[in-house]
1. Inside the range 107-131, can you point out the residues that are in contact with a Pro (Cβ under 8 Å, 6 or more places away or on another chain) and open to solvent by less than 50 Å² (accessible area, probe 1.4 Å)?
2. Report every pair of residues separated by at least 6 positions or lying on different chains whose Cβ atoms are under 9 Å apart, first residue within the range 78-90 and under 12 Å from I160 (Cα atoms) and at pLDDT 95 or above, second assigned to a helix (DSSP H, G or I) and open to solvent by 100 Å² or more (accessible area, probe 1.4 Å).
3. Report, by residue number, each residue of the range 1-43 that is assigned to a helix (DSSP H, G or I) and either touching a Lys or Arg at 6+ places or on another chain (Cβ under 8 Å) or free of Cβ contacts under 8 Å to residues at least 12 places away in the same chain (or both).
4. Suppose we filter Q134, Q217, Q104, Q159 for residues that are surrounded by fewer than 16 Cβ atoms within 10 Å (Cβ to Cβ), more than 16 Å from the chain's Cα centre (by Cα), assigned to a helix (DSSP H, G or I) and modelled with pLDDT of 95 or more; which single one remains?
5. Across the range 3-40, what is the total count of residues that are in contact with a strand residue (DSSP E or B) (Cβ under 7 Å, 6 or more places away or on another chain) and open to solvent by less than 60 Å² (accessible area, probe 1.4 Å)?
6. Across the range 162-196, what is the number of residues that are of a type in the set (A, V, I, L, M) and surrounded by fewer than 19 Cβ atoms within 10 Å (Cβ to Cβ)?
7. Do we have Y81 as touching a Leu at 6+ places or on another chain (Cβ under 7 Å) and surrounded by 17 or more Cβ atoms within 10 Å (Cβ to Cβ) here?
8. Report yes if V51 is touching a strand residue (DSSP E or B) at 6+ places or on another chain (Cβ under 8 Å), open to solvent by 50 Å² or more (accessible area, probe 1.4 Å) and among the β-branched types (V, I, T), otherwise no.
Amino acid sequence: MKLYCDPISTSARPVMLFAAESGIVLERAHVDLMTRQTREAPYLAVNPSGVVPYLIDGDFRLGECTAILRYLAQTVGSPAYPADLKARAKVDEAMDWFATNLHQYFCIFTLYPNFGLPHGVSEVLAQEMIAFGQAHAPRWLQVLDRDMIGDRAFVCGDQISLADYLGSAFVTLGEAVAYDLGPYPNIRRWIANMKALPAWDATYAGFNGFLSALRSQAA
């Protein structure tokens, strides 16, 4: 299987980490987001949507992070996507929650405008988006901390699931702007559990390098 990805992509890292933790061998094709290779003709010929990650498995092609995660998990029968109907539904619920509520208010509004995203957004609008996110993201972070994680090790219980791979990428994006997770002790404990995974450091090395570059520019 071949995965088109970039380690700095918040959507690609969950797939990369899950595959590494699950022993799934993927040929990685680097698509450089910083130079906008996703918008160039060679990549658009592969994935007309012009985004990463994108998976090719023989003559089968699949986009979207959550769809790829589910496909890979079912390919290897991973317990991170339980076979039990109700347990799987709870994982799906958490993944959808991360991909909508948290991603919208925390990533799209609070974080992405700091990086000039969406492309072409004016400075005035970017600051308005950040202010809106800062006002509203805490509500969703509180739900994650208090109601979804609580006293458990992971989002859907004491066993890791696909929701953890996805959600941890969104939350740790906050490190790019030194977002304060001090009010959320359960989130901080959960992130520590994720960072203790054997493949975390290698998977997140590119992202951490990106953060270092941002900090150097700021300094």
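The values are calculated or read from the model by the stated rules, or taken from the named source; none is laboratory data. What you see is a predicted model; the values in this text were computed from it and never measured. Heads up, the Cβs are rebuilt from the backbone with ideal geometry, glycines too, and the neighbour counts pull from every protein chain shown. When the accessible area is computed, the model is the full protein with side chains, heavy atoms only, and any ligands, DNA or RNA have been set aside. Shrake-Rupley method; radii C 1.70, N 1.55, O 1.52, S 1.80 Å.
1. Y112, V121, A126, M129, I130
2. Y81/Q74; P82/K90
3. Taking the range 1-43 as the starting set, the residues that turn out to be assigned to a helix (DSSP H, G or I) are 12-22, 37-39, 41-43.
Of everything in the range 1-43, those that are assigned to a helix (DSSP H, G or I) and either touching a Lys or Arg at 6+ places or on another chain (Cβ under 8 Å) or free of Cβ contacts under 8 Å to residues at least 12 places away in the same chain (or both) turn out to be M16, Q37, R39, A41, P42.
4. On the way: Q217 fails: modelled with pLDDT of 95 or more; Q104 fails: more than 16 Å from the chain's Cα centre (by Cα); Q159 fails: assigned to a helix (DSSP H, G or I).
Result of the check over Q134, Q217, Q104, Q159: Q134.
5. Adding up the residues that qualify gives 10.
6. The initial filter retains those residues of the range 162-196 that are of a type in the set (A, V, I, L, M), namely 162-163, 166, 169, 171, 173, 176-178, 181, 187, 191-192, 194, 196.
The next check asks that each one be surrounded by fewer than 19 Cβ atoms within 10 Å (Cβ to Cβ); those that pass are 176-178, 181, 192, 196.
Selection size over the range 162-196: 6.
7. Details: touching a Leu at 6+ places or on another chain (Cβ under 7 Å): yes; surrounded by 17 or more Cβ atoms within 10 Å (Cβ to Cβ): yes.
In short, yes.
8. On the way: touching a strand residue (DSSP E or B) at 6+ places or on another chain (Cβ under 8 Å): yes; open to solvent by 50 Å² or more (accessible area, probe 1.4 Å): yes; among the β-branched types (V, I, T): yes.
Answer is yes for this residue.
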